[in-house]
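The values are calculated or read from the model by the stated rules, or taken from the named source; none is laboratory data. None of the values given here were measured: they were computed from a predicted structure. Note that we place each Cβ from the backbone using ideal geometry, even for glycine, and neighbour counts take in every protein chain shown. Ligands, DNA and RNA are excluded from the accessible area calculation, which covers all protein heavy atoms including side chains. Shrake-Rupley method; radii C 1.70, N 1.55, O 1.52, S 1.80 Å.
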Amino acid sequence: ATAATAEQFILSSVGNHDSVFNNYDYVKRSGYTHIGAANIMMCVSYSWLSPDVYPKGSSAEAWREKCVSDTKAGIAAAHAAGLKTNNPMDVFIFPETLVKLFPNMTNTTTKRIALTPMTKLVIQGMIDEAFSLFPDADSIMIRVGENYLPGQPGFVGNEAVNFDAPFPEQQAQYVDLIKTMKAGIVDKHNKTFVVRTWDTSGFGPGRPKRFHSSLAYYLNVTNQIQPNPKLIFSIKHVMLDFWRYVAFNPSLTQGKHQQIIEVECAREYEGKGAMPVYIGHGVINNWPEVTDGKGLSDVVRHPLTTGLWLWSSGGGWGGPTVGHHEVWPQLNTLVILRWWLNNSHASPATTPLSADAAYLSADDAFLASCELDFGVPSTRCPSFLSGAVRSQDAILQTRYCAAYDTTLDNQFMPTNNWLRDDRLGGLEQLESLPYGTWPVFKSLYGNNTLKEAVDEKYTAIATWTAVKQDLASAMEGNTSSWASYVTGSAKYGYLLAKFIAAGWKTMALGFTGDQTGCYNCTALRAAIEEYDVERVAYNHFVSNSNGTLATPFFPYYSNIDAHGHNVTHAPGLNATIDGYRTKCFD
């Protein structure tokens, strides 16, 4: 790929242990400048406050010392490959012993760790010690909107902002926190400080939009902070999470601070690459189902846009697991990265992108990546492009619901997150997920669009058929294992779509009977029989792949914490279907 300019901040993060993007030399060759690294604040001893935080000779101190040595090795490895490090942290997370020793770090009313005078002193010393331990660390990123404790025991924490407080109080807490950390990271140690605006509010009308999804909130916070070349705000390209049917983020290119734009290339809401899930054209140009019609092409040359953050591989919780078969995340990453590096400049363009003779279109970026990165003959690349672009429609029709999602005006979570990771939800999720959204099937029934919703699922099968044909043509004569995965993943998507279509047909018939009190048993029996056949066909295909394809989807949901611990199965698609078996089967 084209090398990034010195001013660009091009960051790779990875959530797949088998990914090629764990190879720092490959990451550098791909055009990245930064790599996601360890949280250096986890290794701080706080011995300047008390020797009892990590008592000498304790297992906790042994763990901390290993944290230091491992993190130093990671930073050195990144630098040896020519990459800078970005070291993320959730705020607040501290050793439990520290908080117990200094209870004045806690708000006496809320019982939460808060930005008290003592906590500010702790943060200042924590930053000093971290850069004493790791003077070569290049940048620190903080996240406040989600707070996940590490797998290592002995830590406690909570969001640094009290989101139960009124908005003005929340915003004041953000400003105080950012100024406090900027003083240590940027002003004192001359390191880069990235503030990730992400939070999980705004998914439905019952949870108002905050820092990440509200321009007013974003400006109320950031306008109170003095800009600095080493202070950057990180914002997802979409207003909410990485879903379709969601507006472009309104805060991008707004305000007075530098921004990097976050894109996920293995989206946990769309199969993570288990099936063809190309996103490049939609992310670069726009998604046709989003009325604002914006993409990266609208912001790539804006003077506030200083870089790009790609989650190159891995995302979400659990499966489907693709292992080293990461063709689709890798393709998304390399196409978007090639396009960005070719079209971004240190200063804003004087002409529109489309009028720039050097402009590389999404098509051009794909075809170049197809030939140069994947070694596909140039004569086969147009078929690869066609199949990939069609997959954008196939995913939309399979996973989403136009008849419902278009009623949300691109403002809220689509289709109640009924499918995420490797789980297929049923009516329990479609009707009652606790995000303040509306019941999907109740809305469809009330708007007389249930048939339209089911028809879309069967349209998806036809679209997947075309995807299969395009990709078979593109991979003809290619004997590599990744080419076999491309064609196999297309059949995976096709069979999954048939499984889902039969499930949605059954749910629609059953839900209609629930409302009228009269079940069409002839149609319902046939739909359930179709569901059983398609479920068996899909599972048989995946189980017989002998690890050459991704792991399967499961027709149940999950009650899960943020680390994948304490997972229990929750009723999902299969439970809903089984419930309707009792209506018409003796």
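Stretching the chain fully between Ala76 and Lys256 yields a gain of 61.4 nm (0.36 nm per residue, less the alpha carbon separation).
Full extension of the chain between Ser378 and Tyr458 gives 25.5 nm of extra length, using 0.36 nm per residue less the Cα-Cα distance. Working from label points 7 Å from Cα in the Cα-to-Cβ sense, the Asn447 to Gln224 distance is 3.9 nm. Shown for the chain: the carbon plus sulfur share of the solvent-accessible area, taken with all protein chains present and a 1.4 angstrom probe, equals 52%.
For the chain, the cysteines with no partner cysteine C-beta closer than 4.7 Å are Cys265, Cys401, Cys518. Taking R0 as 25 Å, what FRET efficiency do you get between Asp187 and Ser132 from their Cβ-Cβ distance, rounded to the nearest 0.05? The value I calculate is 0.90.
Remark: the range 443-586 carries a charge dipole of roughly 80 debye about the Cα centre, counting +1 on each Lys and Arg Cβ and -1 on each Asp and Glu Cβ. Would you be so kind as to identify which of Pro51, Thr548, Asn220 lies farthest towards the positive end of the dipole of the chain, taking Lys and Arg as +1 and Asp and Glu as -1 on Cβ and the Cα centre as origin? The Cα lying farthest towards the positive end belongs to Pro51. Report the calculated FRET efficiency for His17 and Glu476 (r = Cβ-Cβ distance, R0 = 51 Å), to the nearest 0.05. Calculated value: 0.95. Relative to the longest principal Cα axis of the chain, at what angle does helix 450-474 sit, 0 to 90 degrees, rounded to 10? Approximately 80 degrees, to the nearest 10.
Accessible surface of Glu289, taken over heavy atoms with a 1.4 Å probe and every protein chain present, rounds to 30 Å².
Based only on the alpha carbon positions, what is the Kirkwood hydrodynamic radius of the range 15-63, in angstrom?
One over the average 1/r among Cα pairs gives 13.9 Å for the range 15-63.
When DSSP beta bridges are restricted to pairs lying wholly in the chain, around 20% turn out antiparallel. Toward the positive end of the charge dipole of the chain, with +1 on the Cβ of Lys and Arg and -1 on the Cβ of Asp and Glu, the farthest Cα among Thr398, Val300, His281 is that of Val300.
When the convex hull of the Cα atoms of the range 439-541 is projected onto a plane and the area is averaged over all directions, what value comes out in nm²? All intermediate terms of the calculation are to be shown ahead of the outcome.
Numbers: hull surface 30.4 nm².
For the range 439-541, averaging the hull's shadow over all directions gives 7.6 nm².
About the centre of its Cα atoms, the chain shows a dipole size close to 640 debye [charges on the beta carbon of Lys, Arg (+1) and Asp, Glu (-1) only; nearest 20 debye].
Placing +1 on the Cβ of every Lys and Arg and -1 on the Cβ of every Asp and Glu, with no other charges, gives the range 137-246 a dipole of roughly 300 debye about its Cα centre. In terms of Cα atoms, the Rg and Dmax of the chain work out to 24.8, 76 Å. With a Förster radius of 35 Å applied to the beta-carbon distance between Asn147 and Tyr26, the computed FRET efficiency rounds to 0.65. Report the relative contact order of the range 1-141, percent, no decimals, based on alpha-carbon pairs under 8 angstrom and at least 6 residues apart. For the range 1-141, the relative contact order is 26 percent. Once the Cα atoms of helix 521-543 and of the chain are each reduced to a long axis, what angle between those two axes, in degrees from 0 to 90 to the nearest 10, is obtained? So the inclination is approximately 60 degrees. Per the helix-only calculation at 222 nm, which mean residue ellipticity applies to the chain, given -39500 (n - 2.57) for every DSSP H run of n ≥ 4 and division by its residues, nearest 500 deg cm²/dmol? It lands at -13500 deg cm²/dmol.
How large is the accessible surface per residue of the range 159-251, computed with a 1.4 Å probe and reported in Å² as a whole number? Before the final figure, lay out the partial values.
Numbers: 2930 Å² over 93 residues.
Computed with neighbouring chains in place, this is 32 Å² per residue.
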